[in-house]
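Comments concern the structure below.
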Amino acid sequence: MKIDILTLFPEMFVSPFNASIIKRARERNLIEINTINIRDYSRNKHHTVDDTPFGGGAGMVMMPEPLFECFDHLKEMRGGQLGRVIMMCPQGQPFTQEYAKELAREEHLVLVCGHYEGIDERVRENLITDEISIGDYVLTGGELPAMVVVDAVSRMIPGVLGEAASAEEDSFYHGLLEYPHYTKPREYRGLAVPDILLSGHHENIRRWRRRQSLLRTLERRPELLKGVELSKEDKKVLRELLELLQGLEL
Ligand code: 4GX
């Protein structure tokens, strides 16, 4: 997958994309990330990219010209057509695991990172296909959200995660929260690993983990249970857990 990132701060992306799994995915040519400095497409003497808002008010707005020019150049570079063009902004569609999986099927993504109060509306209306929000809080720019999107999308591209580590087992893949994980040593500072995980009884371990996932989801994020396909066994466990929790909370 090719990912073009339009930003006023390309240097912000250097470290995050040169470490760990994203670095390896780039080395293996599974993803190709290209950052483009919007300022390079400003035609005025001081390379201005923002101006005061028409109608008055505080703050600055990113001007249309550098972005439109940047898009003209990008279209030429990519052979006429662009893939999905995504703007990061608090007014966008909530970013979810489902959204990440959908984007992972694309050949080409363009991510537009705004700064200041935002971007001239004509950019949104004419160049943007998708608007994404990574959550209900206000950041200083779209760069961190773009990194979040690249990270979550990349790990859903086949081959990006190692053989053993599978995206499927992770939290949210089946809509439930993850069960607890343990590794060696079996006792550390008097803190023991649950016996069942050392038992070698695979079916009991599977049931214990499923129960832990259901318990955590019920306690921390009960609203997630609505979107999950629950087996008969799951429902029985949930009823049992609910009774148990009610007993404790009363
Ligand atoms: N999830 N921000 C973008 C500037 C901006 C405003 C409007 C375009 C249009 C954010 C978020 C976020 C702050 C990034 C404002 N650019 N983006 N920036 N939360 O808070 O995605």
Just report the Cα centroid separation between segment 21-86 and segment 192-237, whole Å. 45
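Which longest run of the chain has no exposed loop site in it, a site being chymotrypsin sites (Phe, Trp or Tyr not before Pro) in a DSSP loop with at most 11 other beta carbons within 10 Å, and the site itself not part of the run?
Working: sites that count: 54, 137.
So the longest stretch without any such site is 138-250.
Please report, to one decimal in angstroms, the Kirkwood hydrodynamic radius of the chain built from all distinct Cα-Cα pairs. Provide the component values of the computation, followed by the final result.
Working: mean 1/r = 0.0468 Å⁻¹.
Roughly 21.4 Å, rounded to one decimal.
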Angle between the Cα long axis of helix 143-154 and the longest principal axis of the chain, 0 to 90 degrees, nearest 10? 50
The value for segment 113-249 (convex hull of the alpha-carbon atoms, volume per residue, Å³) is 215
Inter-label distance for residue 233 and residue 204, nm, one decimal - labels placed 7 Å from Cα along Cα-to-Cβ: 1.5
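Round to the nearest 0.05 the FRET efficiency obtained for residue 52 and residue 105 when R0 = 51 Å and r is the Cβ-Cβ distance. Please report the intermediate quantities before stating the final value.
Numbers: r = 41 Å, r/R0 = 0.80.
For R0 = 51 Å, the calculated efficiency reads 0.80.
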What is the angle, in °, between the Cα long axis of helix 232-249 and the longest principal axis of the Cα atoms in the chain? Nearest 10 is fine, range 0 to 90. 80
Mean projected area (nm²) from the convex hull of Cα positions in segment 55-115 is 5.6
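Can you put 89, 113 in order, fewest other beta carbons within 10 Å first?
On the way: 89 20, 113 27.
Fewest-to-most ranking of 89, 113: 89, 113.
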DSSP bridge pairs, the chain: antiparallel proportion in percent, nearest 5: 20
By how many degrees, 0 to 90 and rounded to 10, does the Cα axis of helix 64-77 deviate from the longest principal axis of the chain? 80
Residue-averaged [θ]222 nm for the chain, counting only DSSP H segments that reach four residues, each worth -39500 (n - 2.57): -10500 deg cm²/dmol
Apply the Karplus parameterisation 6.51 cos²θ - 1.76 cosθ + 1.60, with θ equal to phi minus 60°, to every residue of segment 202-214 and state each ³J(HN,Hα) to the nearest whole Hz, in sequence, with x for glycine and proline. 4, 5, 5, 5, 4, 5, 4, 5, 4, 4, 4, 4, 5
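For a quick check: sort 193, 149, 14 by the number of other beta carbons within 10 angstrom, fewest at the front. Show your work: numbers first, answer last.
On the way: 193 15, 149 23, 14 10.
Placing the least packed residue first, the sequence is 14, 193, 149.
Throughout, read-outs are computed from the coordinates displayed, never taken from laboratory work. Please read these numbers as outputs of a predicted model, since none were measured by experiment. In this analysis, Cβ positions are derived from the backbone assuming ideal geometry, glycine residues included, and neighbour counts consider all displayed protein chains.
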